[in-house]
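What follows is a short report on a single structure.
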Amino acid sequence: MIRARVAGTGSYIPEKVLTNLDLEKFLDTSDEWIVTRTGIRERHIAAVDENTSDLASEAARQALQMAGVGAEEIDLIVVGTVTGEFNFPSTACLVQKNLNARRAFAFDVSAACSGFLFALSNAVNYHRSGAVKRSLVIGAEVMSRTVDWKDRNTCVLFGDGAGALVLVNDESERGILSTHLHTDGSFWELLFQPRPSGWGPGASAEHATQEMGFLKMQGNEVFKVAVKLLSDVALEALAANGLTRDELKLIFPHQANKRILDAIGKRLGLSADKIFVNVDRVANTSSASIPIALDEANRQGLLAPQDLILINAFGGGFTWGSALIRW
Ligand code: UT7
């Protein structure tokens with residue numbers, strides 16, 4: 001059976017750091033509130049001339065270098081993002097141009113904070129079918145351009161960045177074992193971003209102000225659902241493969257809030273050292289969060305061949321999903 005195996009990881013985080021103390025200077029908030037409620041201490045913000053495709057391309061270059069794969073050998077590029085600089089062309093097409101990956105076909109996937117998992121699942125199926133041999137799967141976001149910097153309920157939570165994986169075909173037991181995706185559109189109003197131009201349901205009279213276009217979230221409602229569904233979908237992946245939590249080396253949940261990570265650990269009966277955390281340094285980077293975390297762990301030497309790891313994400317839509325990976 002053909003599996004997609006991770007051959008290289010990469011990430012790019014913009015240079016500019018915005019700390020909680022920086023936020024205190026222009027927002028009615030405090031480092032103490034943000035750290036206690038979210039675990040976030042700082043986030044990175046893209047420069048004015050940096051766009052989502054730039055972040056994505058840099059993460060991809062690093063992943064290709066680690067994999068020892070040339071851009072011209074890539075068959076497929078999938079980018080999970082909701083912050084591409086254009087409605088079209090896709091961010092993936094711009095990445096293709098930046099890398100000169102001429103033989104690839106490229107497209108974006110929109111699933112909010114679960115975007116990377118949905119992108120990964122797409123790529124895995126192309127590998128399994130034999131249609132592609134080498135792919136780039138990327139999560140990239142400039143969330144700092146989606147939030148209202150006057151709204152303390154949301155702007156403190158997000159950051160910018162990108163992460164990428166190079167996948168190659170493998171016929172051993174290593175690779176992505178399974179992916180599990182879900183959506184429930186009936187929750188859309190709890191977390192959404194209307195189009196700035198005024199299209200769509202978000203463009204009702206009450207939203208038709210200068211704030212139109214900013215991300216809106218009912219945080220505490222999202223929190224409760226996220227903890228349950230992230231835990232359920234992790235168990236679903238283990239059950240589907242006849243594996244148990246004791247066999248997991250590490251899990252990489254979407255980095256939205258340290259309290260969510262702690263709650264998932266509790267529900268799954270996993271000790272804190274099995275849950276990768278970097279939300280304190282990068283905040284919620286939406287679809288970039290899992291590939292950035294994977295790249296950090298990989299470069300820190302935390303992942304060895306054959307290790308069993310689990311990734312799980314949750315986001316607006318609602319969308320959620322998981323994947324089990326034999327590294
Ligand atoms: O990535 C996609 C999924 N997104 C998530 O998973 C986010 C999930 N939600 C959360 O992480 C949390 O719900 C938040 C961090 C957003 C909020 O934490 P909370 O413990 O649920 O707080 P809350 O929304 O219930 O608000 C508590 C209070 C409110 O004041 P009142 O109404 O009780 O007086 C807020 O106005 O905290 C206030 N507050 C703040 N205070 C200082 C909200 N944001 C801030 C802030 N600084 N930045």
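The values are calculated or read from the model by the stated rules, or taken from the named source; none is laboratory data. Worth saying up front: this structure is predicted, and the values here are computed from it rather than measured. As a convention, Cβ positions derive from the backbone with ideal geometry for all residues, glycine included, and neighbour counts pool all protein chains shown. Each accessible area value is taken on the protein alone, full model and side chains, heavy atoms only, with ligands, DNA and RNA left out. Shrake-Rupley method; radii C 1.70, N 1.55, O 1.52, S 1.80 Å.
For the condition over 25 Å from Asn298 (Cα atoms), outside the structural domain of Asn278 (by TED's automatic domain parsing), within 20 Å of the chain's Cα centre (by Cα) and not hydrophobic (A, V, I, L, M, F, W, C), what is the one hit in Gly84, Gly8, Gly80? Give the derivation first.
Numbers: Gly8 fails: over 25 Å from Asn298 (Cα atoms); Gly80 fails: over 25 Å from Asn298 (Cα atoms).
Of Gly84, Gly8, Gly80, the one residue that is over 25 Å from Asn298 (Cα atoms), outside the structural domain of Asn278 (by TED's automatic domain parsing), within 20 Å of the chain's Cα centre (by Cα) and not hydrophobic (A, V, I, L, M, F, W, C) is Gly84.
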Only listed residue being among the small types (Gly, Ala, Ser) and not in a helix (DSSP H, G or I), chosen from Ala47, Ala60: Ala47
Only listed residue being polar (S, T, N, Q) and under 23 Å from Ala60 (Cβ atoms), chosen from Thr154, Thr183, Thr179: Thr179
Criterion violated by Val225 - all others in (1) among the β-branched types (Val, Ile, Thr); (2) crowded, with 21+ Cβ neighbours inside 10 Å; (3) within 14 Å of the ligand (Cβ to nearest atom) satisfied: (2)
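Among the residues of segment 116-126, is any touching an Asp or Glu at 6+ places or on another chain (Cβ under 6 Å) and not hydrophobic (A, V, I, L, M, F, W, C)? Walk me through how you get there before you give the answer.
If we filter segment 116-126 for residues that are touching an Asp or Glu at 6+ places or on another chain (Cβ under 6 Å), which is where we start, we get none.
No, that holds for no residue.
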Qualifying residue in segment 22-41 (condition: free of Cβ contacts under 8 Å to residues at least 24 places away in the same chain, among the charged types (D, E, K, R), in contact with a helix residue (DSSP H, G or I) (Cβ under 7 Å, 6 or more places away or on another chain) and within 16 Å of the ligand (Cβ to nearest atom)): yes
Residue in segment 240-251 that is acidic (Asp, Glu), farther than 26 Å from Ile34 by Cβ and open to solvent by 30 Å² or more (accessible area, probe 1.4 Å) present: yes
